[in-house]
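Here's the structure, in C-alpha cells; my notes come after.
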Number of protein chains: 2
Amino acid sequence: MSEIQPTERTKIRRRPERGVFDRAAVYAIIDEALVAHVGVSVNDEPRVIPTAIIRVGDHVYIHGSQSNQLLSTLAGGAPACITITLVDSIVAGRSGFGMSMDYRSVVIFAKAEVVEDMAEKERLVAAFIEDILPGHVVRPPKAKELNATVFLRFPIEEASAKIRDKGVVDPADDIALDLWAGVIPLRMTAGAPRNCKDLRPGIETPDYAKTYARPRG
Amino acid sequence: MSEIQPTERTKIRRRPERGVFDRAAVYAIIDEALVAHVGVSVNDEPRVIPTAIIRVGDHVYIHGSQSNQLLSTLAGGAPACITITLVDSIVAGRSGFGMSMDYRSVVIFAKAEVVEDMAEKERLVAAFIEDILPGHVVRPPKAKELNATVFLRFPIEEASAKIRDKGVVDPADDIALDLWAGVIPLRMTAGAPRNCKDLRPGIETPDYAKTYARPRG
C-alpha cells in the first residue's frame, strides 16, 4: 500500500521517529479501534465527541441521528479532526519523567461527505455491524431508519499515525538505581455475554458473542 | 458533593436522560480513565490530541514537554474541550439501529492555568504516578526536569457526563424475531508485567505491577 503524504499539520514535529505514514500501519490502528474522538471548531471553540468509527477502503465513516449537532456541523462542511487512540501499556520507568505509555494513535484531518445513496447507507449499516460484532445477524434496516440516520464519509488523505512501543528508556544513572522498572501490557478484553432479558426462549448465545475479541480476527 | 451547573454548551440536547451533572459521578469517570482527548481550535480548525490526565480535587491536570505545540497553545489561553470516554460494552440489538455501546463519557470546557510553583509541580509528578501506577517508587524529580515540563490545570466547572447503561432497547416487533440480542461487557485488563531488560539483578517484580487493574482500588 502507498505512503500517505505528510502535510504541515500532520508532519510529526516532536519525536519524528514516532511518526508513521504507511497506509497499512495507519489502517491497522483504525481497524482495531471501536471509537474515535471527533473534534470540530464552533465559533473558534473546540468540541470533541466520541463516536463509533469504521474504515471501508480509503475512507472512515461515522453515523448518528439527524438531530445530532456534531454531525450537522460536519455535514455543513466544518473541518474535522478525527483522533483514534489505543493504549498498549503502562511504561514504568525509574523516575517521573521515565513514566510513559506505549500507544498507537491516528489523526485524520478531513471534511465530511454526506452519504445520500440508500443502497450505500444499507451497506454501511452492515459494515458497522461486521466491524463492531462480526457474525451478528440482524433484521434488514427499514427505509425510515436509513432516512433518520446520517452517515458521514471522510477521506484518509491528510493523516498520520504515532506509535510508541519502546518501553522503558531510562538514562544510565537511573538504571543504576535499585528500583523496579518495566512494562504492564494493557488490552481491551470481553467478558461473558449477557443475553437480553426478553430473549425468545430457545435462542442460544452465539459463539461469536462468547469468543468476542479485539482486534478482530 | 455538589451538582455542576449546566451551561448552553454542556446541557444535553439529545437523550437528556443520559446527562449527568453530579460531581461524584463525573469524577468517578475521570478517575477511571488513563487518557483524555484534548481538543483545541487553531485558526478555527480543530486539533485533537490524546494525553494522560489526572484529577486532583476540582481540577484536572495534563502535562508534557515545553516544546509540545498543544500545551503551548493551551498555555496561551486557547479554550480547551477535554473529553474522556470509557466503553463499557457492545450492545447487540436485533437491528442495525438497535446496535449500540454502553459507555460513560465526560466533557470539560475550560481554559488552562499554567502551574508555575516548583513544589506543586513536584507534587503533581507524584500524583500522576500514583494515578497511573499506584505504589510505584521512583527517584525524586530533578529541577531541570520540572523546568522542562509544562503542567496545565483546568477547573472542572463547565462539565457534564453522559452515561448509557441500559443495554438492548429493541421495539416489541424486533423482540418477537428469532434473533439473539444481548450485551458483551468490555474492560481494560492488564497482562503480566515485563521487567525492563536492564533491570538490576535481584530486583523482584513488585506486587503492584503483578496485580495492576483499572479502575484503581
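The values are calculated or read from the model by the stated rules, or taken from the named source; none is laboratory data. The structure displayed is predicted, hence computed values, not measured ones. So basically every Cβ, Gly included, is an ideal-geometry build from the backbone, and we count neighbours across all protein chains shown.
Among the residues of segment B:175-207, just one is more than 30 Å from A:A176 (Cβ to Cβ), charged (D, E, K, R) and outside any loop (DSSP other than H, G, I, E, B), namely B:R187. Taking first residues from segment A:3-22 that are modelled with pLDDT under 85 and partners that are surrounded by 14 or more Cβ atoms within 10 Å (Cβ to Cβ) and part of a helix (DSSP H, G or I), the Cβ contacts under 7 Å between residues at least 6 apart in sequence or on separate chains come to A:I12/A:R18; A:R13/B:Q69. Checking each residue in segment B:100-112 for being in contact with a helix residue (DSSP H, G or I) (Cβ under 6 Å, 6 or more places away or on another chain) and under 24 Å from A:L133 (Cβ atoms) picks out only B:R104. Remark: pairs (first residue in segment B:170-187, more than 7 Å from chain A (Cβ to nearest Cβ); second residue of a type in the set (A, V, I, L, M, F, W, C) and part of a loop (DSSP other than H, G, I, E, B); Cβ separation under 7 Å; 6+ apart in sequence or on different chains) = B:D170/B:A181.
When A:A127, A:A78 are screened for being of a type in the set (A, V, I, L, M) and either more than 30 Å from B:N43 (Cα to Cα) or touching a residue at least 60 places away in the same chain (Cβ under 8 Å) (or both), only A:A127 passes. Only one entry in B:P46, B:P6, B:P16, B:P50 is surrounded by fewer than 16 Cβ atoms within 10 Å (Cβ to Cβ), of a type outside the set (S, T, Y) and within 14 Å of chain A (Cβ to nearest Cβ), namely B:P16.
Within segment A:142-152, the presence of a residue that is within 7 Å of chain B (Cβ to nearest Cβ) and in contact with a strand residue (DSSP E or B) (Cβ under 6 Å, 6 or more places away or on another chain) is excluded. Checked against (1) surrounded by 20 or more Cβ atoms within 10 Å (Cβ to Cβ); (2) in contact with a Ser or Thr (Cβ under 9 Å, 6 or more places away or on another chain), B:R94 meets all criteria but (2). If the condition is being buried (at least 19 other Cβ atoms within 10 Å of the Cβ) and over 11 Å from the mean Cα position of the chain (by Cα), then segment A:53-63 contributes only A:H63.
Of B:P171, B:P134, B:P155, B:P215, all but one fail to be in contact with an Asp or Glu (Cβ under 6 Å, 6 or more places away or on another chain), closer than 28 Å to B:T85 by Cα and of a type outside the set (K, R); the exception is B:P215. Out of all the residues in segment A:194-204, is one or more in contact (Cβ under 8 Å) with a residue 12 or more places away in the chain and in contact with a strand residue (DSSP E or B) (Cβ under 9 Å, 6 or more places away or on another chain)? Within segment A:194-204, not a single residue is in contact (Cβ under 8 Å) with a residue 12 or more places away in the chain and in contact with a strand residue (DSSP E or B) (Cβ under 9 Å, 6 or more places away or on another chain).
Selection of segment A:21-43 for residues being surrounded by fewer than 22 Cβ atoms within 10 Å (Cβ to Cβ) and part of a strand (DSSP E or B) yields A:D22, A:V35, A:V42.
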